[in-house]
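Derivation of every value follows stated rules applied to the coordinates shown; laboratory data play no part. Nothing here was measured: the structure is a model prediction, and the numbers come from that model. In this analysis, Cβ positions are derived from the backbone assuming ideal geometry, glycine residues included, and neighbour counts consider all displayed protein chains.
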Amino acid sequence: KNGRYRCIAVLIHVEVQGQPDDELERRMFMYNYRAFDKFGEQGAEVFSAAVLTDENPGYRPNKYRVDLWDFELHMKFPIIKIIDYNTVPELKRELETSPNPMAIIVNAQLKSHQYKKKDIEQKFNVTLELIRMCYRAGYLKKQIRVLLKFIDWVIRLPGYLTQKLSEEIVKIEEESKMEYIP
């Protein structure tokens, strides 16, 4: 209002953790403070959250605390526990109906857990279904490429099935009359 420019920003710090780690809470505090230290003078605030992709339902770290003599420091941060999308009915419903490309990412992660120890044909079929979901959702070419890379990264298939998958993608594209190149 007085003509002076002031930065109003929120920096978003997201930590993705794939297995239980006793140092996560401390690291969340350190990264939050480092971002605040670098940008806080310009008026930025820092929001930190953890995305937990592990399979342990009891692993839910969400706070860092130091309580020493008369000194107390407390930081609490939200967590997103991916396996909750399989077990919490509201989250499962939200995931199934969401048009957001992140729903495919979460689904791929959940399927990678579910089919980790299954036979390779089952992995192929679930990968193909995730790819069909991308096309049915009508995502842009660029979005589908990113999603296909992520799916390939979390659900590993041997070379001969990767080739078969490429052939299936061509069929899907012809069926849906889209010009996406995976």
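Of all beta bridges DSSP finds with both residues in the chain, what is the antiparallel percent, to the nearest 5?
Bridges in the chain that DSSP calls antiparallel: roughly 35 percent.
About its Cα centre, what dipole magnitude does the chain give when the only charges are +1 on Lys and Arg Cβ and -1 on Asp and Glu Cβ, stated in debye to the nearest 20?
Result for the chain is approximately 460 debye, rounded to the nearest 20.
Quick query: amide H of LEU11 versus all other amide H atoms, modeled in the peptide plane; which residues come in under 5 Å with a sequence gap of 5 or more or a different chain?
GLU45, VAL46, PHE47
For the stretch 81-182, what is the Kirkwood estimate of the hydrodynamic radius, computed as the reciprocal of the mean inverse distance between distinct Cα atoms, to one decimal in Å?
14.0 Å
Put +1 on the Cβ of each Lys and Arg and -1 on the Cβ of each Asp and Glu in the stretch 34-92; which of LEU52, PHE77, GLN42 then has its Cα farthest toward the positive end of the dipole?
LEU52
Of the chain, which part is the longest with no chymotrypsin sites (Phe, Trp or Tyr not before Pro) in a loop (DSSP not H, G, I, E, B) and with at most 12 other C-beta atoms within 10 angstrom?
After excluding every exposed loop site, the longest remaining stretch is 70-182.
Under 14 Å from the Cβ of PHE150, count the other residues' Cβ atoms, weight Lys and Arg +1, Asp and Glu -1, and hand me the total.
Taking every other residue near PHE150 into account, the sum is +4.
Give, in nm to one decimal, the length gained when the segment between ASN125 and TRP69 is fully stretched (0.36 nm per residue of separation minus the Cα-Cα distance).
Gain on extension, ASN125 to TRP69, equals 14.4 nm.
Nearest 0.05, what FRET efficiency do GLU23 and ASP152 give at R0 = 30 Å with Cβ-Cβ as r?
After rounding to 0.05, the efficiency reads 0.50.
If each DSSP helix of 4+ residues adds -39,500 (n - 2.57) and the sum is divided by the residues in the chain, what number results at 222 nm, nearest 500 deg cm²/dmol?
-16500 deg cm²/dmol
Using the beta-carbon distance between SER166 and TYR31 and R0 = 22 Å, what value does 1/(1 + (r/R0)^6) give for FRET efficiency, to the nearest 0.05?
Efficiency at R0 = 22 Å is approximately 0.05.
State the volume of the convex hull built on the alpha-carbon positions of the stretch 25-156, expressed per residue in Å³ and rounded to an integer.
Convex hull volume per residue, Cα atoms: 163 Å³.
³J(HN,Hα) across the stretch 136-145 via Karplus (A = 6.51, B = -1.76, C = 1.60, θ = phi - 60°), whole Hz, x for Gly/Pro?
Ordered by residue, 3J(HN,Hα) equals 4, 6, x, 5, 5, 3, 5, 5, 5, 4 Hz.
In sequence order, what are the phi-derived ³J(HN,Hα) couplings for the stretch 99-114 according to the Karplus relation 6.51 cos²θ - 1.76 cosθ + 1.60 with θ = phi - 60°, rounded to whole Hz, with x for glycine and proline?
For the stretch 99-114, the Karplus curve yields x, 6, x, 5, 5, 5, 4, 5, 4, 4, 5, 4, 5, 5, 5, 5 Hz.
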